[in-house]
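> Have a look at this one before I ask anything.
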Amino acid sequence: SRANSLVAYDIHGDRRVGQRAWTLGGPAGGDPLFENPLAGTFFLGAPLPLDGQLYCLAEVNGEVRLLVIDPGHPETVVWSQPLTDAGLPIDQDVSRRLSGTTVSHADGVMVCPTDVGYVIAVDLTQRSLLWGNQYQSSNNVPGRPVPRPRPAPAGQTRWIDSAATIADGKVLLTPRTGSDVVCLNLLDGSLAWKKTKPDGLYLAGVVDGKVLLVGANTVQALSLKDGSAAWKQPVVLPKPSGRGFIRNGRLYLPLSTAQMAVVDIATGSLLARTNTPGDIVPGNVIAIGDAILSQGIDRVDVFAFSMDEKKVAGR
């Protein structure tokens, strides 16, 4: 389908908690009197709430746009900025349709990865384009269109998240078309540095100038300044089973071996690899108080960890 829906639910109040507040999008071609606002739009990912408005990427009539929506009056788009031609229609591009793409913001600049070979920045104060960059992946030919994601070569993986991470005036990208980490300058979009991580899965965050990269077999840290290695050597671990979280200078990483790993970010040393209760393979994990919440494919689990943050116990 070339259209989907963006849906909002109430989370406050006694009677309407969990009920649908509004819906945008849906198929085009219905009765104009009853057709949803933005009918025929394909929302490319979840919106970013900022200053009472929602910023989201969407494909409209073959064009990738930044849409700005007032959640209190969603029937009217506050403003819209065309970004680039989408190329292959969304209903024919399975990878792009299923991946999800969202925007990132810092210092009045909205960074928009389009997943069609370009990242574009929008100046929110002027409501205008600030810069654009056509990143080249390690398997690209300069001057040719950026290819769609394909099965990775033997021994390589593909990034699972192309959202931009912004830190200290730098924009970090992990395009799904290759295995490169691309670092741009936020103000003008110029290339700061580019590195390749053949087993890369996702960028976990930036801590004290260290860019944390989680791969299928290793966790690696690069210098935000120039992309050089920030640790003496990567941390070798079994394949992650989901996204980890950062807390108190440590990276907590769920593993496919039904374990939680704890990595010291300052030194790149492995502090612990602890079995989960009942040998549960954790999914994406977050920290909530003194607990770790794990969301898997078909279950949610909670683990408590001790104050020294080295041992994980069941709860």
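> Restricting to Cα atoms and excluding each atom paired with itself, what does the Kirkwood estimate give for the range 183-254 in Å?
Over the range 183-254, the inverse of the mean reciprocal pair distance is 12.9 Å.
> On the full set of protein chains, 1.4 Å probe, figure out the accessible area of ARG97 and give it in Å² to the nearest 10.
Counting only protein heavy atoms, ARG97 exposes about 70 Å² to solvent.
> Counting Lys and Arg as +1 and Asp and Glu as -1, what is the net charge of the other residues whose Cβ lies under 14 Å from the Cβ of LEU224?
Summing Lys and Arg as +1 and Asp and Glu as -1 gives +2.
> In the neighborhood of GLY283, defined by Cβ-to-Cβ distances under 10 Å, what is the net charge if each Lys or Arg adds +1 and each Asp or Glu adds -1?
Within the 10 Å Cβ shell, the charges total 0.
> Still on this model: Considering only protein heavy atoms, with the full assembly of protein chains and a 1.4 angstrom probe, order ILE292, ILE11 by accessible area, largest first.
My answer, sorted largest first, is ILE11, ILE292.
> So, one more: Contact order normalised by length for the chain, with contacts defined as Cα pairs under 8 Å and 6 or more residues apart; what percent is it?
Worked out over the chain, it gives 7 percent.
> Considering only lysines 8 or more places apart in sequence, or on different chains, count the pairs in the chain whose C-alpha atoms sit under 17 Å apart.
Total qualifying Lys-Lys pairs in the chain comes to 14.
> Give the ranking of VAL77, VAL122 by solvent-accessible surface, highest area first, calculated with a 1.4 Å probe.
Result of the area sort, largest leading: VAL77, VAL122.
> If you roll a 1.4 angstrom probe over the protein chains with everything in place, what fraction of the accessible area of the range 1-103 belongs to carbon and sulfur, to the nearest %?
Roughly 52 percent of what the probe reaches on the range 1-103 is carbon or sulfur.
> Which one is right for this structure if log10 I(q)/I(0) by the Debye sum over Cα atoms at q = 0.09, 0.11 Å⁻¹ is calculated from it: (1) -0.77, -0.90; (2) -0.52, -0.78; (3) -0.66, -0.88?
This structure yields the entry labelled (2).
> Using the heavy atoms of the protein chains alone and a 1.4 angstrom probe, what is the accessible area of the chain per residue in square angstrom?
In whole numbers, the chain has 49 Å² accessible per residue.
> Can you give the direction-averaged projected area of the convex hull of the alpha-carbon atoms in the range 191-315, in nm²?
Mean projected area for the range 191-315: 7.6 nm², to one decimal.
> Work out how much length ASP10 to ALA28 would gain on full extension: take 0.36 nm times their residue separation and subtract the Cα-Cα distance, in nm to one decimal.
Taking 0.36 nm per residue and subtracting the Cα distance, the gain is 3.9 nm.
> Right, next: Mind listing the phi-derived Karplus ³J(HN,Hα) values for the range 43-50, rounded to whole Hz, using 6.51, -1.76 and 1.60 with θ = phi - 60°, and x for any glycine or proline?
6, 7, x, 5, x, 9, x, 7
> Also: Let me check something: with ligands and nucleic acids excluded, how do LYS194, LYS170 order by accessible area (1.4 Å probe), largest to smallest?
LYS194, LYS170
> Can you give me the pair-distance distribution of the range 1-140, C-alpha pairs, 5 Å bins, whole percents?
Whole-percent P(r) values from 0 Å outward: 2, 9, 18, 21, 19, 15, 9, 4, 2, 1, 0.
> I need to check one value: relative contact order of the range 73-120, counting alpha carbon pairs closer than 8 Å and at least 6 residues apart, in percent.
In percent, rounded to a whole number, it is 25.
The values are calculated or read from the model by the stated rules, or taken from the named source; none is laboratory data. This is a predicted model, so every value here is computed, not measured. With ideal geometry, Cβ positions are generated from the backbone for all residues, glycine too; neighbour counts draw on all protein chains shown. Each accessible area value is taken on the protein alone, full model and side chains, heavy atoms only, with ligands, DNA and RNA left out. Shrake-Rupley method; radii C 1.70, N 1.55, O 1.52, S 1.80 Å.
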